[in-house]
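Working notes, structure below.
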Amino acid sequence: MTDTNPIRVLIADDHAVVRSGLAAFLLAFDDLELAGEASSGEEAVRLCGQLQPDVVLMDLVMPEMDGAAATRAIRQACPQIQVIALTSFKEEELVQGALQAGAIGYLLKNVSADELAEAIRKAHTGRPTLAPEAAQALIHASTKPPSPGHDLTDREREVLSLMVKGLNNPEIAERLVISQSTAKFHVSSILSKLGVSGRTEAVAMALQNHLVK
């Protein structure tokens, strides 16, 4: 990379103090250049279309259009622009959401200037960078057991919602216009999938895990 072609970086963050800090950080590196600043997800998407930066430093938690939604929109409209999520949060849902939206990196705001500069250079060449905490969150998400009720069919969820309302098997059969033996089969299947021994436990688990509307 030559000095005549610095990597152009767009900063997207709803906090002015963070934007000015990141803008100052870019000045310290000859091969990085500030392309622009956005104070919201919507503005980031619009400026990417206008300014065509190489890399976006994207805050994830912003009002209205969050960072993941903005990342998805940018990657769809301008696939050549790489996005690095730069956030204070390391929750699994945020990490997964950002990467699924198309971010190539996920860094926490306590990252050092040199590490951030290196991540920008890597992103520009299509190489990902993950904060250790983000990598750990992804590993944890992939190894934790699936949530209770994840394998219930739509019909079983219907039956479960009637169980929550206190209906017995004959009443469930009547409500869903099915035979009593079919209703009994569905109830048995629900108890088995939820790993519980009776209707009361099934209802408690359904309410606890929001399995029915």
Cross-link partners of residue 184 among lysines (Cα-Cα below 20 Å; sequence separation of 8 or more within a chain):
165, 193
Calculate one ³J(HN,Hα) per residue across region 148-154 by plugging θ = phi - 60° into the Karplus curve 6.51 cos²θ - 1.76 cosθ + 1.60, and present them in order as whole Hz with x for glycine and proline.
x, x, 5, 9, 6, 7, 4
Using alpha-carbon coordinates, inclination of helix 41-51 to the longest axis of the chain, degrees:
40 degrees
For residue 129, other-chain or 5+-apart residues with amide H closer than 5 Å (H placed, Pro excluded) are 105, 106
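Using only DSSP helix segments of four residues or longer, with each worth -39500 (n - 2.57), what per-residue ellipticity at 222 nm results for the chain after dividing by its residue count and rounding to 500?
Values: 10 runs with 112 residues, N = 213.
Value at 222 nm, helices only: -16000 deg cm²/dmol.
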Does anyone have the angle between helix 16-27 and the longest principal axis of the chain? Alpha-carbon axes, 0 to 90°, nearest 10?
50 degrees
Partners for residue 90 among lysines (Cα-Cα distance below 16 Å; same-chain residues under 8 apart left out)
109
For the chain, modelled as a GNM with alpha-carbon contacts under 10 angstrom, which of 16, 135, 73 fluctuates the most?
16
Quick check on region 1-135: take the gyration tensor over C-alpha atoms, sort the square-rooted eigenvalues as a ≥ b ≥ c, and tell me if it's rounded (a/c under 1.5), prolate or oblate.
rounded
Here region 119-124 yields Karplus 3J(HN,Hα) values (6.51, -1.76, 1.60; θ = phi - 60°; whole Hz; Gly and Pro given as x) of 5, 5, 4, 5, 4, 4
Under 5 Å between amide H atoms, partner at least 5 residues away or on a different chain: which partners does residue 7 have, H built in plane at 1.01 Å?
32, 33
Specify the residue with the greatest mean-square fluctuation among 15, 140, 186, computed from a Gaussian network of the chain linking alpha-carbon atoms under 10 Å apart.
186
Of the residues 148, 63, 170, which exhibits the maximal mean-square fluctuation in a Gaussian network model of the chain defined by a 10 Å Cα contact cut-off?
170
Summing +1 for each Lys or Arg and -1 for each Asp or Glu, what net charge is found among the other residues whose Cβ lies under 14 Å from the Cβ of residue 101?
-1
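All of the numbers you see were taken from the coordinates with simple rules; none came from a lab. What you see is a predicted model; the values in this text were computed from it and never measured. Cβ: placed from backbone, ideal geometry, glycine included. Neighbour counts: every protein chain shown.
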